Every structure is written in structure tokens, then in C-alpha cells.
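Chemist: I am attaching a structure below and will ask some questions about it afterwards.
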Amino acid sequence: MLRPLSSPAPSPLAPRSSQPAGMLGPLLGLAAAELALFGPTLRWEALSIGDAPLAAARSLGQAWRLAGLGGSSLYIEGLHDSALLARGFALALHAGASALVLVLFLRLGFARTFAALGALLFACHPLGVESLAWLSQRGALLGAFAFLLGACLALDRGRATRSPTASAALFVALVAAPPLVCALPWLLGLERQHARAAGRAPRRLGWMDGILLALGLAGLAAGLGGGRPALDGLARLPLALGSLLGSWLWPAALTPQRALSESVPAWLLGVSWLALAGMLALGWRLGRRRPWAALGAALFALVGSAAVLFPNGDGVFAEASVLLASLGLVLALLDALAPLRRAGLALGALAFLACAARTHARLADWRDEPSLQASALGVNPADVRAHDALGQWHLAHGRLSAAQRAYEAALAARADDAQAWLHRGELELRRGLIPGEEAHLLAAVPFLQRAEVLPRARARLAEVHQRLHDDVAARALLESALADEPDELLAWTRLGMCRRNLGDAAGARAAFARASELDPRSAEAWCGLGLAQDKDTVRARECFERALALEPDHPDARSALGRILEDEGDRTAAEAAYRRAIGVNPDSAEALFALAELCNRSQRADEALRYYDRVCELPRATPHFRAHNASARLHMQRDEDELARARLEAVLRFNSEQAEARALLEELEQRQQR
């Protein structure tokens, strides 16, 4: 039951509820409910597509750039190695937020039974599933926990001003989830109402309030490029809030992608705005008699509007971002049920059981990526992001045909989706890397060109040009991509390769150094940096060893380190390095040629010839001149003139002025004339 708000003398805190013994029972019950319902998530891995960018983060800075404080938290918890700690911390945060809801309701004056009921409804409502099950939404979960902590501390008994600890918690909340700046006016109203109920004068606004407001607005401005532009959904705001309210009242079909039709009739928009205005007027009139219900509705409207106006994806709102909006509706519901006493408790208990049952069913959809996207497509068969994510999942598991069908379904749903075009092009690029399937490289070009608005698409298109030995065109595309996205790791790595191929050793070193800064765990970047060292074998060796520490079977780093070992006179270690590289990549021309040269210098001509011939037989756009010439020379020593002639003519067809091949061919012809 709710204590009267008009009595100024008593504190809104119940004396028994403020004691540890009085809180222990509700808190234990809340923890048991959380563990029973969400405990199975501890065994789940991270989502293979939805969490992949953060799981692949190789530095704290990269994780921060991807997802702010939430991404940094996941990196510290070791998401790149295992999801167990991240899952455990997510569950602890969710349980902690639910416990803070219990404390908050007690401080607002609700009886212990109703406060516990409200905390259970908040903890088990299906609208909160995404924030816990989708690890990449850590920022929203962390922000909700910190905001609730700040709210509880701000309502501390006997304080006329907000404590520094409360302000610090709110600071963390806004860093983790900047849209929560829209909930600051609600907290101010809550503090004023709480002070009025306790017979104290409301506190005045201070300099810390201004700092928090500025911080939240700065965070919003910094994140405007992450989703749709702010205010893009303003005209449809009432409809989006109605969709959110419907999801809370009847969570029959929740999905990660919340969207409204782009073509909404003008009359429907007008009616929705009139309805919203009427609801606001009604809330204003009822605010004096039912202040907690009015404040709950205000929290729902403020947080819901922030989620709609500042989305973090293509949908109208993400379920994780409206976690605190759910709290507002729970507060309004408790204010309505408290006067009914036992009947209110019974109705609340039924609502809790219904929510727990729906949440249990909904959690199964988040077990893995296929289940999640199948659930989303069950709600909306034209969900572009779901089709696209399924394609990525199939591609990651080697199901190329299934991935192609998923991408084509995404493009059928939205023909101008640049991300789907990019992934379709990456699929063709992957096929083009299969020996004998090089024609797919050219097939990738039109798909990637349709997605050139994305810097990564330009980086992939540059990779195609690079593999077709057009480094000049590749360099232009990469520089364009980096002008738009200076932290695109793939572009820096590819730019280093282009510059190295074009003879720009200093430029290659700078590009690979930048790539290694962006991702210190990138073996490709460290190997490239080693290859770009100009006669500095000590530094090159350090780079190759670092690359091999990250990826022990990196064939290029292994081959390059073998050459350094051979120059140092350790032919046994060098040969072992070459053979290990070939074992990982039997088509590594660099390793095969280096091993052939070592065998030739070791007077093992027959073995050397086998490796030279293997290099010559690899499918290449240009012949490996040195391997062809060395093979021809050894074949001539064995009087295998026709094979030698074939090797030399392959070189001269590409470059008729190649001096060594011409000299060997002349020697061969003179010998045959004799």
C-alpha cells in the first residue's frame, strides 16, 4: 500500500524497510527470481554476428570507439576470449538494477510488498530481455544501473542537496548511455516530489546539473552518426511511443528491430499527435492527485522519445534503450494498484507470472544468431537486417550458397541497402580467393560499387583492384575511404600493401604502423610492418615475431622470418620456418620460392626444382619471373629443353624484354643448334 503523500511529518522511508533485516527477504527473493529466469544465459556464447565487432576488438581504444563505456567494459571482461565473464557481469548488472528499483520504490513510500512486486515486474518484463541477452547493449544496461543508483542516492533521507556520489553515478550513466540525458528532468521532478512529501523545500538547480546536461548533450551529438539522424523520426514520435506502449502491455512478438512503415498517412500522424497532446493534458491534470503515476508516465515518454529520436540502429527504437521506460510504466502501474491493497497485489502477481512466462519463451530466441534472426523474420519477413545477419552467419560458417540467398532476400526487401550490397560483394570476393575461382573477383566489383558510400566497401573494392595488380587504383580508393573513416583498419592494412608494391617503403611503414596502433592484435598489420622495414632486420624480426605470437601459423610472417634466419646463417631454422608456412598455406608463393632457393643453395637441385615448378604452376595474373628462370635453368641442366623453353616463353610473353629469360632462351637455342 502507498503511504499518504500529503503528510509532511513522516519520512517516506518505512523504518523497518530501511533496516538490513527488512530488506533481506525481498532482495533474496528478487535474486532467486533473476537467477532462475536468466541463469541459463551464463552458458551462452556471444552472438556470432550481433556481438562480433566487440568480440573482435583488439584494444581498449578500439572497443571504446565501437561502443563507448559499454564496449570498454566488455573488452576488460575478455569478450574476445570467452563470453562467460561478460554474461555473468550482465546478469549482475540486471539483478543490481532490479534491486535498486526495489530501494527506489521503498524510498518513494511504497509498502514493502508493493515495492517488491514492482521490482519483480521490472526484473522479469520481456522488454528488458535484449539488454541482458545481447552483450553489445552493455552501454544501455550499464547506463540504466548507474542512473538508478544515482536516483536512489539522490533520494537519500535527510539530505537537502544531491550528494556528490549521486552526481558521480549519474555522470557514469550519461557516459554509458547519453540518451539518458532526457531522463534528467524526470529525476529533478522526482526529487522535488520526494522533498515535498518529506516536508522539505525542493533543492535548487546547481552547477552539477548543468555539467550533467552538457555531458549528455555532447554524448548525443557525438553519436549522431551511428544510426538515423536525430529528429528523423519526430513526425512519427507518437506512433513510435504507441508501439512501445503496446510492446510493454502485450509483449507477444518482441524483435530486435523496431520499425514503422515509411509511408504513414498524414491523417494518422495528425490523430496520433492529438492523442499524445490529450494524454499529456490528462497527465498534467492528474499529476497533483497521483504524482507517482504522472512521474512514471513522464519517465516513459522521456526515455521512449530519446530512444526514438536518437536510435542506435535502423529501427525506430531498440528494446535495450527503453529499459528505464519500462520502469516508468511499472511505477505508474504500482500507483494504480496500491490503493486496491490485496486485490492490487493479486493483479500484480498475475502480471508478474505472465511477464516471467513470456520472458522465458523470449530468451530462447536469443540463444544463438539463427534463432534470433528467425524470430525477427517471424515478426517481419521483410526485415533487412535479419536477412543480412543470417547471411553473415552462413558466410562465417562456410555456407556460401545459403549466405547468397540471405543477401539476395535482404536486397529484395530493400534494394538500396548499402550494407547488404557490401556483404554480397564480400561474398564474391571470398569466392574469388579460392584457387581457380579468380573470375569472382570481377563479379564482386558491381556489388561493391553499389555500396561505395561505405568506407569499408571502398576498402574491399581496393582489395579487388590490388589482387588484380592495379595498385594505383587501389591506393586512390583506400585514401578516399580513410578520408571518410580514418580508423578503418582494413583500409590502412591494404594501403600499406599498395604502397609497398608501388615502392613507397616509408608510406608503407606509416600505413602499417597506423594499422598496428588501431589493432595491436592484428598479425597482418605487424607482418606488413616487418616487410616494410628498409634494411632494419632487427626491427623487422621484432615485427614478425610479434605477428607470430598473435597468429603462430601466419604464413607470410613465418616465411619472412625464415629469410632473416637464413641470412643469419641458420639454414635449419629457416627451412623449418618455410616448411611450416607451406604446411599452413600450400599455395604460398613466397614460402615455396624461398624454400626452393634454400634447397638450390644447399646443392639439393632435384628438391629445389620441385618447389620452383610448384611456384610456376600456381594460378597468377603475372608469372613469377625468378621462379620461372630458375626452373628453366635447372631443367636445362637435366637436358629437359622443352620444359625449360615453356618456362622462359611464359616470362617473355608477359615481358619480352626480360633480360635473364632472353639470355637463357638464347643459350638454349645455341645449344640445340650444336
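We did not get these values from a lab; they are worked out from the coordinates using the rules stated. These numbers were taken from a predicted model, which means no experiment stands behind them. Note: ideal-geometry Cβ built from the backbone for every residue, glycine included; neighbour counts use all protein chains shown.
Chemist: Of Met636, Met497, Met208, how do they rank once you tally other Cβ atoms within 10 Å and put the fewest first? Let's see the in-between values first.
Modeler: Values: Met636 19, Met497 23, Met208 16.
Taking fewest neighbouring Cβ atoms as first place, the list is Met208, Met636, Met497.
Chemist: Using a 10 Å cut-off on Cβ atoms, rank the peptides 501-507, 115-121 from the highest mean neighbour count down.
Modeler: On the way: 501-507: 14.0, 115-121: 25.9.
Put in order of decreasing packing, that is 115-121, 501-507.
Chemist: Using only the alpha-carbon atoms of region 381-453, report the extent along each of the three principal axes, biggest first, to the nearest angstrom.
Modeler: Sorted largest first, the three principal extents are 37, 27, 15 Å.
Chemist: Evaluate the distance, in nm, between pseudo-label points positioned 7 Å from the Cα of Ala476 and of Ala382 along their respective Cα→Cβ axes.
Modeler: 3.9 nm
Chemist: Can you work out D for region 58-112 in µm² s⁻¹ from Stokes-Einstein, where Rh is the Kirkwood radius over C-alpha pairs, the temperature is 25 °C and the viscosity is 0.890 mPa s? Don't skip to the answer; put the middle values down first.
Modeler: Working: Rh = 12.9 Å.
Roughly 191 µm²/s, to the nearest whole number.
Chemist: Next up: If we count other beta carbons within 10 Å of each Cβ, what is the order of Trp44, Trp134, Trp284, Trp207, fewest first? Please list the in-between numbers first.
Modeler: Details: Trp44 16, Trp134 22, Trp284 11, Trp207 7.
Final ranking by Cβ density, sparse to dense: Trp207, Trp284, Trp44, Trp134.
Chemist: Restricting things to alpha carbons, tell me how big region 470-551 is in terms of Rg and Dmax, in Å.
Modeler: Gyration radius and largest Cα-Cα distance of region 470-551: 12.1, 35 Å.
Chemist: Could you state the orientation-averaged shadow area of the convex hull built on the Cα atoms of region 543-618, in nm² to one decimal?
Modeler: Details: hull surface 18.2 nm².
So the Cα hull casts an average projection of 4.5 nm².
Chemist: If packing is taken as the average number of other Cβ atoms within 10 Å across a peptide's residues, how do 190-203, 384-397 rank, most packed first?
Modeler: 384-397, 190-203
Chemist: Looking at region 504-548, which trypsin sites (Lys or Arg not before Pro) are DSSP coil and have at most 15 other C-beta atoms within 10 Å of their C-beta? Don't skip to the answer; put the middle values down first.
Modeler: Numbers: sites: Arg509, Arg514, Arg521, Lys535, Arg539, Arg541, Arg546; in loops: Arg521, Lys535.
Here the trypsin sites (Lys or Arg not before Pro) that fit, given the DSSP loop and packing criteria, are Lys535.
Chemist: Neighbouring Cβ atoms within 10 Å as the yardstick, rank Phe654, Phe512 fewest first.
Modeler: Phe654, Phe512
Chemist: Using the 2.2 N^0.38 Å rule of thumb for compact globular proteins, work out how the chain stacks up: its C-alpha Rg over that value, please.
Modeler: Working: Rg = 32.3 Å, N = 674, 2.2 N^0.38 = 26.1 Å.
So the chain has a normalised radius of gyration of 1.23.
Chemist: Send over the semi-axes of region 24-366's equivalent ellipsoid, whole angstrom and largest first, taken as the square roots of 5 times the C-alpha gyration tensor eigenvalues.
Modeler: On the way: eigenvalues 158, 114, 101 Å².
Listed largest to smallest, the semi-axes of region 24-366 are 28, 24, 22 Å.
Chemist: For region 24-366, give the magnitude of the charge dipole about the Cα centre (Cβ charges: +1 Lys/Arg, -1 Asp/Glu; no others), in debye to the nearest 20.
Modeler: Roughly 1380 debye for region 24-366.
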